[in-house]
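For reference, the structure is listed below as structure tokens.
Taken together, the values in this text are just the output of simple stated rules run on the coordinates, not laboratory data. Just so it is clear, the model here is predicted, and its values are computed rather than measured. A quick note on method: Cβ atoms are made from the backbone with ideal geometry, for glycine too, and the neighbour counts reach across all protein chains shown.
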Amino acid sequence: MIHSLLRRDWIGRIRLALTLFGLPYTVCTPGARPAISCSYSHNFRTSQTLGPISTSFCNLYTTGVQTMPSSSAPHVKSRCPQYPGSKINRFLVPDDKVGWSQNWPQYKPLSYTDPLVEKKPVWADPEIGSFSPKFNTVDGAVDRTSFEGSYKMEKQKPLNPRGRTGVTGRGLLGRWGPNHAADPIVTRWKVDAKGEKTLHSVSKRPVLQFVSIKRKDCGEWAVPGGMVDAGEQVSITLQREFSEEALNSLVITPAEKAKISDRISKLFKSPGFQVYKGYVDDRRNTDNAWIETVAVNFHDDSGNSVSELPLQAGDDAGEVQWVDVDSSFPLYASHSHFLELVAKERKAHW
């Protein structure tokens with residue numbers, strides 16, 4: 001009881017100090033230890049214009065609109081007090097102790113790997129010591145390279161390139177080191193009864209719509225996406241995840257699947273705008289396992305491709321629908337920023 005009261009008083013003092021200095025604060029959960037915001041945030045810098053990038057059957061391109069996160073920005077969600085799906089509390093990591101270059105003998109995080117991962121499903125690695133992975137390279141069918149560059153090792157385990165998270169092990173993630181994901185952002189123009197583009201009443205710019213799913217795990221709206229399977233091209237993952245989550249391709253008839261496949265292939269063979277490629281500040285990250293993603297926008301400009309297909313939630317999606325691209329619509333993780341970049345690229349309303 002005394003410890004609880006002292007802790008509450010400590011948090012109150014921090015809140016008061018932040019308020020006096022005019023700084024924002026958000027506590028992630030009731031009774032949480034640190035005053036760390038759980039909202040996804042990155043400091044972004046604009047990258048230079050790049051040429052076309054070919055990967056498997058789809059062509060990706062990037063422009064000056066593309067941005068990448070600054071490596072100097074400490075991750076935030078990766079330090080939220082309680083590890084998702086568990087009762088494990090992270091070791092409190094202040095901003096100035098996130099970087100591995102900071103000597104911190106007092107750092108004693110708990111190790112946690114979810115029981116499901118420990119059951120050794122096909123998508124998960126064994127425990128370190130029982131196998132010899134080749135980190136920072138393509139290890140057989142598993143890509144263990146990072147978009148962040150070469151990551152460091154400690155006691156045979158990879159270290160999160162963005163620094164400490166307050167928990168070691170793999171948590172909910174299958175791979176030691178980078179766990180690669182892909183996020184397909186499928187868009188179309190919002191049109192009126194005559195087929196003309198709808199202009200926003202304020203910005204006077206055409207309104208984009210994107211396929212959004214409501215995640216079963218947290219109830220938030222998001223871009224459909226998922227993990228890249230071992231040996232799988234990212235371009236294949238983008239198409240597969242969209243088909244499974246937004247069109248429920250896992251349960252439809254062969255005839256329906258063939259029709260959908262033709263439409264999807266047509267769209268995903270068109271030039272895709274690579275919106276983002278890099279580290280994801282995700283609650284599931286640990287000191288030894290983290291998520292990286294490639295987000296790509298595929299745009300049905302004429303409205304005769306996927307626009308005409310009936311959306312049906314499947315896999316990890318609870319609901320699915322076309323949603324207007326607008327800054328006021330709350331989205332999961334970094335997806336709002338992805339949509340903002342897409343709107344700028346397409347010269348659409350945001």
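Taking the Cβ of Gly99 as the centre, find all other residues whose Cβ is under 12 Å away and add up their charges (Lys, Arg: +1; Asp, Glu: -1). Intermediate results must be reported in sequence, preceding the final value.
Working: positive: Lys97, Lys152, Arg162, Arg164; negative: Asp95, Asp96.
Spelling it out: positives minus negatives among the neighbours equals +2.
Label points 7 Å out from Cα along the Cβ direction at Gln156 and Thr137: separation in nm?
Inter-label distance under the simple model: 1.8 nm.
Could you work out how much longer the chain between Tyr107 and Glu319 gets when fully extended? Use 0.36 nm per residue separation minus the Cα distance between them, nm to one decimal.
On the way: separation 212, 0.36 × 212 = 76.32 nm, distance 4.17 nm.
72.2 nm is the gain from fully extending Tyr107 to Glu319.
Starting from the exponent 0.38 and prefactor 2.2 Å, build the expected Rg for the stretch 144-301 from its residue count and divide its actual Cα Rg by it. Mind dumping the intermediate values first?
On the way: Rg = 18.6 Å, N = 158, 2.2 N^0.38 = 15.1 Å.
Here the Cα radius of gyration is 1.23 times the empirical estimate.
With the cut-off at 1.5 for a/c, could you classify the stretch 77-175 from its C-alpha gyration tensor as rounded, prolate or oblate? Walk me through the numbers before you get to the answer.
Numbers: a/c = 2.00, a/b = 1.25, b/c = 1.60.
Taking the square roots of the gyration eigenvalues as a ≥ b ≥ c, the stretch 77-175 is oblate.
Any idea how far apart Leu199 and Ser86 come out in nm if each label point goes 7 Å out from Cα toward Cβ?
5.4 nm
Students often get this wrong: which residues of the stretch 176-211 have the backbone nitrogen under 16 Å from the point 7 angstrom along Cα-to-C-beta of Lys266?
Label zone hits: 187-189.
Full-extension gain between Leu116 and Ala230, please, as 0.36 nm times their residue separation minus the C-alpha to C-alpha distance. Don't skip to the answer; put the middle values down first.
Values: separation 114, 0.36 × 114 = 41.04 nm, distance 1.84 nm.
Extra length from Leu116 to Ala230 when fully extended: 39.2 nm.
Using the Cβ atoms and a cut-off under 13 Å, what net charge is assigned to the surroundings of Ser132, where Lys and Arg are +1 and Asp and Glu are -1? Don't skip to the answer; put the middle values down first.
Values: positive: Lys134, Arg144, Lys157; negative: Asp125, Glu127, Asp139.
Combined, the nearby Lys, Arg, Asp and Glu give 0.
What is the sum of charges, Lys and Arg at +1 and Asp and Glu at -1, for the other residues whose Cβ falls under 12 Å from the Cβ of Phe338? Walk me through the intermediate numbers first.
Numbers: positive: Lys277, Lys344; negative: Asp183, Glu340, Glu345.
Summing Lys/Arg as +1 and Asp/Glu as -1 gives -1.
Listed here are the pairs Lys266/Lys347; Lys77/Lys97; Lys197/Lys344; Lys277/Lys344; which of them are more than 19 Å apart at the Cα?
Working: Lys266/Lys347 23 Å; Lys77/Lys97 15 Å; Lys197/Lys344 17 Å; Lys277/Lys344 17 Å.
Check vs 19 Å cut-off fails for Lys266/Lys347.
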